[in-house]
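For reference, the structure is listed below as structure tokens.
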Amino acid sequence: MKTQGFNKFGDTTFRVANQISAYISFSNWLIENYDSDEFRNNQDHCFKQWCNEEGIYHYPAKEKFNRYKMVLHQAVNVYRIIAFNEKGRPYLTFDNNNLINSLFNNIVAGSDETHIAFKKMIKFMCDNRNCNDAMRLSKAFFVCEKEDDFEDLYYSDILNLIASRFTQTFDGKFRFRKPNPLRDKTLEKIIEYKRMGSFDLSFSDLEQKFIKKAFSDKQKLINARDLETFLKEHTLEQILHKLFYVKYKNLLEGDYLDLFNRFMWGLKLADSSSKRTTKYNNDKIEHSDNSYIINIQKDISNFPYSVNEVNNYLKEIQNNVWNWKDKNSNLSSKTNSTLAEYFVNLKFCYLLNISPLDFRKFVNTKVSDELQPVFTASGGESDMLYKINNTIISIETTILKTPRAIINNERYPCIRLHIPIDEKTNKIILNFINFLGNDNEIRRMFDHDWELQFPNFNNKFLNIANFLELAERNKI
């Protein structure tokens, strides 16, 4: 059983609501930007800028740590959603059409021992449907080693076992994750007084603050009178046990549990990412052909969102408000541009009476097997391209905020690259959705390229609108 270097998923360097969604977005972004000069010249800056602009995570402007390398390490070695080929180029290891189980199998199906603790936990959950206590399962996972029996750990008092081990091997020095000389000296002062057989509570206010924190878990702060009584009436061994118990309770039931529940929520093995989650969804795990899968109910007879929900989201997007996405695990930690593109395309599916079964035929936005958004369409293709009766309808979306940025980045690909006409085409329609709508400068430059690209094609229509106007539209 581990007493340090605990097992975990995720990292506080990328503490997002939905760990899996965020790492998937990161992976897709990396693939699309890997060859750009800007990215190659300053990878960490580009990564932090992308996080801030897309509403995934906010890094302070003067933050100096290379967060890109940290997140890349997690994506490659922990989540295993990115790998590099023999030429050093990254590629995705998961299938967007079977997203959750594709990721799940990357972790549990490997023959190596990197994720042995998680594999043991999944087997135990599958074999013991009623043993779904989230706190017991998570703590057993945190400390599990190759030779451990997971069932024994599940029923063990993990915190008392850890505290007992550190009490027995205590060498007079406290080793916390974040060094604090004054705090450590204060605690060592208590131990020294107890060893000398005399105790004196002559501590400064700051020292008392450290002592209270060391002896209090996050649910209950010990008061001064109880602390004095405890320190005077208990043995040195009992005091040390209490210190180590509280230290590891706050650690394992704090950051570690928070990150792990976010991971389990992303896999749909927990109903919430909250640390207050009490049960995991053991009943969703199935064992078949020496492998494990998560049983996810798939219903694509209807779109995941009604037309009224789509309209409301488009209105929020027009107001540049995005906090709604964190209330839905399927939208949480998705990039803003992905959600804008997805809901624009979904609105056009309703307008064109496209069925959910045909969604992927016309929409290039990456979606999961449940038609939930994953990432934006790849470069070199329309976000959505609908062909019927020799008519081509192209849908393009951007959340760039200035005319110049929109013209520089969107005009050429939208008009010159993404509308594949042939000799049978008799009508083309381009719908371009953006924050500014039919802005004069945008219209003028788009019209110019529109005529240059299709000079002899009279039956063509260029519709430029904002998200609110699209939400209020009831026909194509």
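Helices (runs of 4 or more DSSP H) fully within segment 1-72 that include at least 1 residues being under 30 Å from His115 (Cβ atoms) and open to solvent by 70 Å² or more (accessible area, probe 1.4 Å): 19-33. The criterion of at least 1 residues that are modelled with pLDDT under 70 and under 24 Å from Asn160 (Cβ atoms) is met, among helices (runs of 4 or more DSSP H) falling completely within segment 172-246, by 205-214, 224-233.
For segment 273-300, filtering for residues that are of a type in the set (Gly, Ala, Ser) and under 23 Å from Thr338 (Cα atoms) leaves 1.
Pull up segment 385-399, narrow it to residues that are part of a loop (DSSP other than H, G, I, E, B) and modelled with pLDDT of 95 or more, then point me to the one that is least open to solvent (accessible area, probe 1.4 Å). Restricting to residues being part of a loop (DSSP other than H, G, I, E, B) and modelled with pLDDT of 95 or more, the top hit is Thr398.
Taking Glu441, is it touching a helix residue (DSSP H, G or I) at 6+ places or on another chain (Cβ under 9 Å) and at negative phi?
yes
Scanning segment 422-432 for residues that are open to solvent by 70 Å² or more (accessible area, probe 1.4 Å) and of a type outside the set (Asp, Glu) gives Lys424, Asn426. Somewhere in segment 344-361, is a residue free of Cβ contacts under 8 Å to residues at least 24 places away in the same chain, in contact with a helix residue (DSSP H, G or I) (Cβ under 8 Å, 6 or more places away or on another chain) and surrounded by 19 or more Cβ atoms within 10 Å (Cβ to Cβ)? No, there is no match, as no residue in segment 344-361 is free of Cβ contacts under 8 Å to residues at least 24 places away in the same chain, in contact with a helix residue (DSSP H, G or I) (Cβ under 8 Å, 6 or more places away or on another chain) and surrounded by 19 or more Cβ atoms within 10 Å (Cβ to Cβ). Phe84 passes every criterion in (1) crowded, with 16+ Cβ neighbours inside 10 Å; (2) more than 20 Å from Asp11 (Cα to Cα); (3) touching a strand residue (DSSP E or B) at 6+ places or on another chain (Cβ under 8 Å) apart from (1).
Those residues that are assigned to a helix (DSSP H, G or I) and either crowded, with 19+ Cβ neighbours inside 10 Å or not polar (S, T, N, Q) (or both), I need them from segment 319-329; list them, please. Once the filter is applied, which keeps residues that are assigned to a helix (DSSP H, G or I) and either crowded, with 19+ Cβ neighbours inside 10 Å or not polar (S, T, N, Q) (or both), segment 319-329 yields Trp324, Lys325, Asp326, Lys327. Out of Ala109, Ala163, Ala117, Ala140, one residue alone is surrounded by 12 or more Cβ atoms within 10 Å (Cβ to Cβ), at negative phi and without any contact (Cβ under 8 Å) to a residue 40 or more places away in the chain. It is Ala140. Can you tell me which residue in segment 452-472 is modelled with the lowest pLDDT, limited to those that are loosely packed, with under 13 Cβ neighbours inside 10 Å and outside any strand (DSSP E or B)? Selected residue: Asn456.
The values are calculated or read from the model by the stated rules, or taken from the named source; none is laboratory data. Just so you know, these numbers come straight off a predicted model, no measurement behind them. Heads up, the Cβs are rebuilt from the backbone with ideal geometry, glycines too, and the neighbour counts pull from every protein chain shown. SASA here: full protein model, heavy atoms, side chains in, ligands and nucleic acids out. Shrake-Rupley method; radii C 1.70, N 1.55, O 1.52, S 1.80 Å.
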